[in-house]
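In what follows, a structure is listed as structure tokens, so that the remarks can point back to it.
The values are calculated or read from the model by the stated rules, or taken from the named source; none is laboratory data. Fair warning: this is a prediction, and the values are worked out from it, not measured in the lab. These accessible areas exclude ligands, DNA and RNA; they are computed on the full protein's heavy atoms, side chains included. Shrake-Rupley method; radii C 1.70, N 1.55, O 1.52, S 1.80 Å.
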Amino acid sequence: MKKYSFYNDYSEGAHQSILDMLSQTNLVQEPGYGLDSISLEAADLIKKAVSANVDVHFISGGTQANLTVIASILRPYEGVIAAKTGHIAVHEAGAIESTGHKILAVESADGKLTVDLIKSQLTDDEHMVKPKLVFISNATELGTIYNEQELKEISEFCKQHDLYLYMDGARLASGLMSSASDLDLPKVAKYVDIFYIGGTKNGALIGEAIVIVNDQLKKEFRYHLKQRGALLAKGKLLGIQFKALFTNNLYFEIAKHANVMAEKLTNGMKQLNIKFLAESTTNQIFPILSNDQIKKLEEMYGFYVWAKVDENSSAIRLVTSWATEEKMVDEFLSDLKALV
């Protein structure tokens, strides 16, 4: 049996505050489909945190959020620009393509898009898919983040070229709580047309909160939710979780813990002269180890081998969570030191 899993940030159940609130409201009768008083209260908490006139919709998971949002925005001949490492391009089993929309994927060394990369996909040729939406993630699939200037430049470019900007926020909490981040929720809402706040990977049992900023995208969005199987009869189960997460700053505090644990792993490995595939300041890190070291570590810990670097070494992915215990980080570093 392995000592500990660094596979992902959703191996645990849910933060105790969520479990307590679920228990306390278990027998309270409420309307369905997200129209209950708790979901409405949770939406108000998010609106207050965002400090903008937004619509909030709760949904079960990230892939469902992405395909619902993208399908709701694009016409049949329009496509979405994304990094090749983007979640919609790699880990969603063709969910976006199944809605009839092409992903215009571009190479990005750090998982981030730039104005130049977006510009490379623009075309006026009516025989080709028309780019209409730009998809970014914060944090990205490589643990990297956008700073405010980068997001501002992308936002301004999108407005100039009649493009919508959508942010996948599966790990938004970790991105915002990064020690290198100068973004917060109000700033995100200032620059993007629509985004979602990830709960599944930050303390919730399941659930994400779609936040629609652009008024043009708000109308009849619930029809899209229903059509994609996202309008849950017991919608209050999602609302309860976000009410707990956005009470007393819990959402951000637990994300900060995950980042601190990842930072401790990073610093410990750098002291061992270990290199990284990408410079991450969030809860996903990608150290490069020899294949022999990886094989021995796999006997003790759970993690993914992310990418082959050369014939003798590979990058692995280590993910910390809101529930990661510091003693397990210390033990991992101790075991790794013995191998190095």
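Overview of results
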{"item": "Within the chain, helix-based [θ] at 222 nm, where runs of 4 or more DSSP H residues each add -39,500 (n - 2.57), nearest 500", "result": "-11500 deg cm²/dmol"}
{"item": "Stokes-Einstein diffusion coefficient of the chain, Kirkwood radius over Cα pairs, 25 °C, 0.890 mPa s, in µm²/s", "result": "118"}
{"item": "Within a Gaussian network of the chain (alpha carbon springs, distance under 10 Å), most fluctuating of 44, 193, 125", "result": "125"}
{"item": "Accessible surface, the chain, averaged per residue in Å² (probe 1.4 Å)", "result": "46"}
{"item": "Chain lengthening between residue 270 and residue 311 when straightened (0.36 nm per residue, less Cα-Cα)", "result": "12.5 nm"}
{"item": "Phi-based couplings in Hz for the stretch 182-193 (Karplus 6.51, -1.76, 1.60; Gly and Pro marked x)", "result": "10, 9, 9, 4, x, 5, 4, 5, 5, 9, 10, 8"}
{"item": "Violating pairs (Cα-Cα greater than 21 angstrom) within the set 2/327; 256/296; 112/159; 270/327; 2/308; 84/112", "result": "256/296; 2/308"}
{"item": "Amide H contacts under 5 Å for residue 164, placed H, 5+ residues apart", "result": "133, 134"}
{"item": "Linear extension gain, residue 35 paired with residue 219, 0.36 nm per residue minus alpha-carbon span", "result": "64.6 nm"}
{"item": "Top of 16, 293, 24 by mean-square fluctuation, Gaussian network on the chain, Cα under 10 Å", "result": "24"}
{"item": "Under the span-like rule (Cα at least 27 Å along the axis, Kyte-Doolittle mean at least -1.0), DSSP H helices of the chain", "result": "250-270"}
{"item": "Shape of the stretch 161-207, Cα gyration tensor, a/c cut at 1.5", "result": "oblate"}
{"item": "Carbon/sulfur fraction of accessible area - the chain, other protein chains in place, 1.4 Å, %", "result": "49"}
